[in-house]
Structures are given as structure tokens and as C-alpha cells.
Amino acid sequence: MEERTFSRSQQHASVIGLGTWQLGADWGDVDDKEALKVLETAAETGVTFFDTADVYGDGRSEQTIAAFLSGRPDLHVMVATKMGRRVEQIPENYVLDNFRAWNDRSRRNLGVDRIDLVQLHCPPTPVYSSDEVFDALDTLVAEERIAAYGVSVETCAEALTAIARPGVASVQIILNPFRMKPLYEVLPAAREAGVGIIARVPLASGLLSGKYTKDTVFPENDHRAYNRHGESFDQGETFSGVDYATGVEAAAEFSALAPEGFTPAQLALRWIVQQPGVTTVIPGARSPEQARANASAAALPELSAETLDAIRELYERRIKEQVEARW
């Protein structure tokens, strides 16, 4: 699979990676054996970038990745985790002592001395403007606890503030055919600065797979049930912030745009991969079959100008008004 470079850190990642939120929690029950099969399949199909966080299953996702990689010393996989969501979300908690403690825990969970990439996990907005925060992250690099650091953001404004920081290697942001605002300023700024872009929520929490209807019922422990209106964390993380009923209708139109040989999910992934400035996209997978199908999108033909135009027209007609002012 094609690999792209985080220019500032000179690290490499497959253009389609694997998001592992679903291997921890918040997407319904997870079977350990099935989780390991997902990781194995992703690696077999050329995925060399795993994204996780210390709060996914309270460390379970990190531990599952460690269990898999410990048995595969032949693999060279870049592992990115996140930190910051285990405490009250106030800027005062984003200090070096806490960073060291969180980092110690993640390194134990991952079974490594140094983590490839650590990202602040959608912290309070003032954190992005704090010199002390980024000095502390530089200290983690100097202490060889981490090889590089980045940020995971909710808004385009936060992304632009982070990109201006010289030590930031990556910005993780929601980007998909139902969230196009990052195309306008964030991706061009990242390209110019040499900052990698990690595109998350690429399928709008599954909406863009075309599998769901207005009558679909999600398990109570699935964030698509309990966070639909932002009850537990930022609403943008669930269905990209799109009203579910609107999203289902728009997703049906999106599915009809898939060229021959593409599933709707592969259409969404291929669209993201084609956006200039994207380093890697991190779809989740709950089964080996999903992991294989996601990875195969990297080898599909480029989308035509006609298809790209049709996707943008759908976004502007059905989605743009709901999301752009908020994120």
C-alpha cells in the first residue's frame, strides 16, 4: 500500500490506517479474539498505521495493539495514541507532570519505551495557544518518551492554531464527504507547513457505508445511541454532527454515486485519499472483512471529476448548513 510522510517527523504511514476506538469500547461489545483478527487482517493488507487512545476502553485498545504486535516482531507499524481525556477538561490539567503520568501509563499499555506519536486528545481550546503546553510536549520528546507529537482537534480554527506550532507533527481532524470544511484552509496550511493530516471519522460513524436506515437501532453502549446530540462528548464525533435522519437520506444519495466496483464506504475513503494534504485516513473495523474492504480502497481508481463534483453538490445541498458554522 502507498505510504505517505509526516514531513516534520519524517515518519511514514500507510495512506489507509486503522482507527481502533471500536476495539476498546463505545461501539458495543468487543470480542478479544475478533479484535486481534482485525489487527492481523489490517497488517496483512498493508496497513502500517494504528491510531488509538488511552481512554478507548480505559486502555483496552492500547493493550490489544500491544498484544498483537508483541507476537509480530516482523511488522513495522507506526502506533499513535492520544492523551488528555482522563481528567476534567480544563486547561490547568494540561501540564508536564500529568503528561508524564499519562505517558507512563500508555507506554505500559503499549509495551514500549517510546511511543511513535502522542496526540493531545481534543483538549479545551485555550490549550492550543499555551506555550507551556508545547514546551511540555517538547520535553517528552527530549526525554525520549515519545518520538513526535500532534493534536486531535474538533474545529478548523483549532487545527490552524496547532499547525502554526513548529513542533506539531500531525493534526487529526474529522474529514469526510459530510465534513468538507477542512479542505478550505486546514489542508493547504498543513501542506505548506509540512504537518501531517490524519483524517478521522471517515465514514461519518458508518452513515457513509449506506447500511443504516431511520429504523436502525444501535446498542445502548454504542455512542451512536447515547451521544447523538452530544450528551457525553462533542456531537461532531457522532455521525460527524449531522442530524441522523438527514444523514440517512443523504447517505442513500451518496451510495448512488459509487462507481462500478466501489462500495459506498470505499467511495468515501477514496474521496479522502484523493484530497491533497491528507497523510492517512483511519477507518475503524469491527471485523476482518471490514478491515480488508477498507484497505482495498487504496488500490481503487481515482474518482472522476464528475463524481467529485456530484459529491460536493450533495454536501452543499444537504449537509453544509448543519455543520460548517459549528466546526
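The values are calculated or read from the model by the stated rules, or taken from the named source; none is laboratory data. Note that the structure is a prediction, hence the values are computed from the model and not measured. We place every Cβ from the backbone using ideal geometry, glycine too, and count neighbours over all the protein chains shown. We work out accessible area using only protein heavy atoms, side chains counted, and drop any ligands, DNA or RNA first. Shrake-Rupley method; radii C 1.70, N 1.55, O 1.52, S 1.80 Å.
Couple of notes before you dig in:
- Any hit, region 112-128, residues being β-branched (Val, Ile, Thr), under 16 Å from the mean Cα position of the chain (by Cα), part of a strand (DSSP E or B) and more than 19 Å from HIS223 (Cβ to Cβ): yes
- Qualifying residue in region 76-90 (condition: farther than 17 Å from ALA148 by Cα and buried (at least 19 other Cβ atoms within 10 Å of the Cβ)): no
- Top-ranked residue in region 180-202 [being open to solvent by 30 Å² or more (accessible area, probe 1.4 Å) and part of a loop (DSSP other than H, G, I, E, B); ranked as nearest to ARG8 (Cα to Cα)]: GLU185
- Note on region 29-46: among residues that are among the small types (Gly, Ala, Ser) and assigned to a helix (DSSP H, G or I), the one that is nearest to the chain's Cα centre (by Cα) is ALA42.
- Matching entry among ARG108, ARG145, ARG114 (being of a type in the set (Lys, Arg), out of contact with any strand residue (DSSP E or B) (no Cβ under 9 Å at 6 or more places or on another chain), surrounded by fewer than 24 Cβ atoms within 10 Å (Cβ to Cβ) and more than 30 Å from VAL248 (Cβ to Cβ)): ARG108
- Number of residues in region 283-303 that are part of a helix (DSSP H, G or I) and of a type in the set (Ser, Thr, Tyr) equals 1.
- Against the test of being surrounded by 15 or more Cβ atoms within 10 Å (Cβ to Cβ) and touching a residue at least 60 places away in the same chain (Cβ under 8 Å), the options GLU40, GLU62, GLU2 yield a single qualifying residue, GLU40.
- Single unsatisfied condition, ALA297 versus (1) open to solvent by less than 30 Å² (accessible area, probe 1.4 Å); (2) out of contact with any Lys or Arg (no Cβ under 8 Å at 6 or more places or on another chain); (3) of a type in the set (A, V, I, L, M); (4) over 28 Å from ARG85 (Cα atoms): (2)
- Test: residue in region 305-319 that is in contact with a Ser or Thr (Cβ under 9 Å, 6 or more places away or on another chain) and more than 26 Å from MET78 (Cα to Cα): yes
- Among the residues making up region 304-327, those that are in contact (Cβ under 8 Å) with a residue 60 or more places away in the chain, basic (Lys, Arg) and part of a helix (DSSP H, G or I) are ARG312, ARG318, LYS320.
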